[in-house]
1. Of these, 120, 102, which one is buried (at least 17 other Cβ atoms within 10 Å of the Cβ) and under 30 Å from residue 301 (Cβ atoms)?
2. So, of the residues in the stretch 57-85 that are without any contact (Cβ under 8 Å) to a residue 12 or more places away in the chain and within 60 Å of the chain's Cα centre (by Cα), which turns out to be farthest from residue 332 (Cα to Cα)?
3. Which residues, counting only those in the stretch 113-140, are in contact with a helix residue (DSSP H, G or I) (Cβ under 6 Å, 6 or more places away or on another chain) and within 16 Å of residue 293 (Cβ to Cβ)?
4. Based on this model, can you work out whether residue 273 counts as more than 25 Å from residue 109 (Cα to Cα), part of a helix (DSSP H, G or I) and at pLDDT 95 or above?
5. Out of (1) at pLDDT 95 or above; (2) farther than 30 Å from residue 134 by Cβ; (3) surrounded by fewer than 12 Cβ atoms within 10 Å (Cβ to Cβ), the odd one out for residue 293 is which?
């Protein structure tokens, strides 16, 4: 082989060896020392407890297998805790979703119920106001009819009493006229004054009609006939007056009965309409009271559901935050366990020397 080739090969080998050496030096400088790794692990409470436990085992000359087994068990326990925590959180998430859906359902239902009740209350309040006005109006009409009825009856009673009084008076006059005419029929016109005075003295004040007839007997025949004719005409006039008065009284009584009948019918109709309105009013007021109760219950339910939702969301947020914190803490602990296992596996001598110097 030629010298130039041999020299080139030697140079290449030397260059390659130098490159590998430089790479190892660079890697050695970039990787932390065992002391630095242990110091980083010790910066956490969990890492400090792990190192204290290992240091105690090292000082007690425990086998490496015991230390490795302890670390593996701790790691396995952390993985189990992580699994249990994830399962528990999954159940919490499911619970939160279910209860949030239920709270939102209650909120929607309470909101719709409240809005419907408010609408119904406005309508029913208007209906109640109209029915109350109608009942009051019909009560006023009945009062007017009752007053009118009482006034008509009072007026009819007064008119009937006046009619009876007139008829009684006229009948007394008619009886007197009949009696006078009867007395006059037995008298002879043209009697002397002396004989008449003698008769009047005998009659005195006990029988004024007979006394009047005695006086009439002093009339001459023509005057006597005129007096009798006038008395008969007066009697006929009074009888005609009585007949006419009776006819008017009968008509007034018939008109009274007709008016009273109309008032009675009107009152019965208005009373029936008033009773119907009162029934409708009672139903509307009951419906209004029911809707007011529904409104109150729905408002309370809405407030309860909203409060429950807010509390549940806060609880769920706390659960998630706790789960995330614990998960991060366990991941850090698992990383620390991995670092310790790596140190024990690769740098046991150096680690053992440093751990023996720890004060436990």
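The values are calculated or read from the model by the stated rules, or taken from the named source; none is laboratory data. Computed from a predicted structure; not experimentally measured. With ideal geometry, Cβ positions are generated from the backbone for all residues, glycine too; neighbour counts draw on all protein chains shown.
1. Numbers: 102 fails: buried (at least 17 other Cβ atoms within 10 Å of the Cβ).
Checking each option against the conditions leaves just 120.
2. The selected residue is 84.
3. At the first step, the residues of the stretch 113-140 found to be in contact with a helix residue (DSSP H, G or I) (Cβ under 6 Å, 6 or more places away or on another chain) are 113-114, 117, 120-121, 124, 127-128, 131, 134-135, 138.
The answer is 113, 114, 117, 120, 121, 124, 128.
4. Details: more than 25 Å from residue 109 (Cα to Cα): yes; part of a helix (DSSP H, G or I): yes; at pLDDT 95 or above: yes.
The answer is yes for residue 273.
5. Only one criterion is unmet by residue 293, namely (2).
One line per residue, one yes/no per condition, for (1) loosely packed, with under 15 Cβ neighbours inside 10 Å; (2) at pLDDT below 85; (3) in contact with a helix residue (DSSP H, G or I) (Cβ under 8 Å, 6 or more places away or on another chain):
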residue	(1), (2), (3)
168	yes, no, no
189	no, yes, yes
196	no, yes, yes
223	yes, yes, no
226	yes, yes, no
230	yes, yes, no
236	yes, no, no
246	yes, no, yes
251	yes, no, no
